[in-house]
Structures are given as C-alpha cells and as structure tokens.
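No lab work stands behind these numbers, since they all come straight from the coordinates. Model, not experiment: these values are computed from the prediction. Quick reminder, even Gly has a Cβ in these numbers, built from the backbone with ideal geometry, and neighbours come from all protein chains shown.
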Amino acid sequence: MAEIRRLTPEEMPQFYRMHTIVYNMRRDHSKEENQKADPLSHPAHWAWGVFEGSKLLAGMYEIDYLMRFDGHNVKMSGIGGVGTLPEARKGGHVRRIFEKLLPEAYEKGVAFSCLTPFSHDFYRKFGYEISCARREISISMGELQEIKLPGEFIPVLPGDDAALLQEVHSAYIANLNHGICRDYWPDNRSWKNFTREEPCATGTFLYLWKDETGKARSYIKYKDVYQDGEHNMSVIELAFIDKNGLFGAMGITGGLSAQFENFKWAMPAFIDPFDFTGDAWSIEQKIDPRDMSRVVNIKAALELMRRPAGEGEYVIEVEDDNIKANNGKYLVEFGREGTRVSFTGKNTHLHCDILTLSQLVTGYRSLENAMYSRQSGLEVYGNAETLKAVFTARPQHITEYF
C-alpha cells in the first residue's frame, strides 16, 4: 500500500531524479552523490512524496511562504515540482498527496495556497482557480528611448548587501495581493537566491535605481535571451515604490538599444503597457493566465479581507470538496472595529464553490465580473449591493516563480 508523507534529507536524491525524468531534463546525478547539498535549496520537509516501500513514485513541494493579502501578512503554501514517474502515472498519486496536504495546511493556519499549472482543469479538482494574470509584452528597444529620469543605476552582485532591494520590494508588495514577503525565510535566504547569478557567467543583470536625491525607488533584474536571431532584454523582475520608480528603472533601456532588439516582460496586469510608448501599435502583448490559487482557510480569509466603509453584514455559503472544515454558511459582520465571522443558520445571500470564492476573496475579479463567468458555482440570492461593495477587484501579482 502506498505511503504519503514528507521526505527526509536522505530521500531528496530520489526527488531530484524524479524531476529530471518528469521534466525531460538531462543531469548526471552520479557525479553529485557525495557533494554537499546546496544551502539555498528547499529543505526536505517541504517535499511530499508517495512511496511504495522505499521507492518514490510521485512528489511535490509545499513551499512555506508569507504572502500579502489586503494589507496583511498571511501564511501561504506554494505548490511546485509536481511530478509522477512514468511507470506510476494514472494512479491518482497527486490526488492522494493533496488529500493529505490541504487539510493539514488548514490545521497549520495556512490561509492560501498558490501554484503554476500545467493544466488549469487538472488543478481545479483540488480547489485552485486562476488568480493572477500577467501581460507578456514585447517592445522594440527603440520605442523606449524617451524614458529617462534623473538618477543612477547601481549594479548588485552576488554577496552584496540586499537591504535596499528589500526596502523597495516591501514597499512594492505592501498593497499587492499575492506579493511574497522576501524577509520571511531565515538567514536572508530569499535574497541570496535572488542575487546569486554572476552577470558575466549567466548573462543575468540586477540594478538598483536611485533618484536624484539618492533614494532607492526601484530595481530591475533582466537576462539576455537570444531567440530567432535577436538578443532580447528579458525582464525577470521589476519592482518599484511609485510611478517614478517604475519609469526610472525602465530608463535603463535607453543605453541598451545597441545590445538588445526587444524589451520583453511578463509584467503585472495592474499596469498598462500602453503608457510606455507614444505609439501603442508598436507593443505586442498577450495575457498569460499563469497562476492559480485557492483559499485554504475561509474563515481566516474572510476576517482579514478588506471591508467597505461603514457597517454591514452578509451570509455566504461555500462548498469545498477538499477541505471539509470549510463547508458551511458564514455570517460576516463588518464595521469600524473590524470583521467578525461565524457559522450561521441565517438565509444565504451568496452561494459559491471554492473556485469562485478564491477569485472573489483575493480580488482577482469583482462579483459583477464573476457573474459573467460560464463556470457554474455562483448564485446571488439577495443583499447584492453589500456583496458588490465587499467583493471588488484589487491589484494582483504573485512575485515568485515556484
């Protein structure tokens, strides 16, 4: 009988080999057996596995994050590295992990869980729904020549102090739902990972931008990506504290038009790329529905969610097939003192499944927008004006890749 549990450090080589096979990688693991583990790699207890005897058949990471949600820091589990060996496919192993992982996350106080899907429909079975979309843009470097603010760019190299990067990043995600707090992991591990690439060896560059007063307002990390005979400036991350920070960081393009043909960025959807150029026709873009999330603890999420001005209440009934403790009717009462959530027998105002609720609570879409969805699972029975004031769209961006 299969055993589902977290891995030990000694079992991690099996986990890495599984990834090599599942993701069509090429890696000689025999040369790594006696090498020390990378101190910046994920710890073994973040990995889940399905075992038959001592053999790992399938696994995934449940990464411990702290996430911004409507002005609060909340616990989030990031799901990554999901895979099953070819000989064990179609055995329901991933489902078995989620059946154990999600209720445990609920008990541990996790509020949300996020992932990047290979298939949106596959992960909807576990309560995840599209929660963030990125705009993938491509602009000819020549179109960005006029973006130039007074200030200076300071290169950041491996081992450099990341305090100013952290300062910018904290301001950037302060009011950004799904933003990941990089000061959460111990020993500054997030920033050590973020700044580890040596530019001459990897073609990855990181610059902090300071305005004319010397204040750090943004940073930009980008990589040279050669594709279809062209060198592209591919932005990995651009974080900013305000409008000047955004355009200050983008000003680096003015001096790089001789090196790169195009500026490419999978940017957050709350920014409009048509502000970057005079001729909007010059911008190529597509929407990438890259990220999914789910509410893990409904009561905690409803208590922390932004509330309208004044006082009010509503009753929401939710269905969650994966976390039974979430099922039921919730009376949400809000006012000047905060929000109180309790189970109730009152008449339902809004009925939805966990998929729809995850989009509404995180602010990916408003209630009015969700009413146009072809997906079933949302019904409004009354108190519509209060519900519309509660469930509004807010800026979204999952700031990590996992």
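Compute the Cα gyration tensor for region 93-203, then decide on rounded, prolate or oblate, letting a ≥ b ≥ c be the square roots of its eigenvalues: rounded whenever a/c is under 1.5, prolate when a/b is larger than b/c in the other cases, and oblate in all that remain.
Prolate, since a/c reaches 1.5 and a/b exceeds b/c.
Roughly speaking, what is the stretch gain from residue 266 to residue 372, that is 0.36 nm per residue apart minus the C-alpha to C-alpha distance, in nm to one decimal?
Contour length minus the Cα-Cα distance gives 35.5 nm.
Taking the alpha-carbon distance from residue 90 and a cut-off under 20 Å, which lysines remain once sequence neighbours fewer than 8 residues away in the same chain are dropped?
55, 100, 125
Can you check how the C-alpha radius of gyration of region 297-390 compares to 2.2 N^0.38 Å, as a plain ratio?
Ratio of Cα Rg to 2.2 N^0.38 Å: 0.99.
Taking the Cα-to-Cβ direction at residue 339 and at residue 16 and moving 7 Å from each Cα, how far apart do the two end points lie in nm?
Taking the simple label geometry, residue 339 and residue 16 are separated by 4.3 nm.
For residue 29 and residue 243, compute 0.36 nm times the residue count separating them, minus their Cα-Cα distance, and round to one decimal in nm.
Taking residue 29 through residue 243 to full extension adds about 72.4 nm, to one decimal.
Could you check the spin-label model distance between residue 284 and residue 70? Points 7 Å from the Cα along Cα→Cβ, value in nm.
4.0 nm
When ranked by the protection proxy of mean other Cβ atoms within 10 Å per residue, highest first, what sequence do the peptides 19-27, 306-314, 392-400 form?
392-400, 306-314, 19-27
Based on the Cβ-Cβ distance from residue 213 to residue 392, what FRET efficiency comes out when R0 is 51 Å, to the nearest 0.05?
Once rounded, the FRET efficiency stands at 0.90.
Rounded to the nearest 20 Debye, what is the dipole magnitude of region 134-218 about its Cα centre when Lys and Arg each give +1 and Asp and Glu each give -1 at the C-beta?
260 debye
Only helical DSSP H runs with n ≥ 4 go in: add -39500 (n - 2.57) per run for the chain, normalise by residue count and round the 222 nm mean residue ellipticity to 500 deg cm²/dmol.
That comes out to -6000 deg cm²/dmol.
Once R0 is set to 30 Å, what does the formula 1/(1 + (r/R0)^6) return for the Cβ-Cβ distance between residue 145 and residue 120, expressed as a FRET efficiency to the nearest 0.05?
Computed FRET efficiency for residue 145 and residue 120 comes out at 0.15.
At q = 0.09, 0.19 Å⁻¹, what log₁₀ I(q)/I(0) does region 146-256 have when each alpha carbon counts as one equal point scatterer in the Debye sum?
-0.24, -1.03
How high is the FRET efficiency from residue 2 to residue 189, r the C-beta distance, R0 45 Å, rounded to 0.05?
According to the calculation, E is roughly 0.90.
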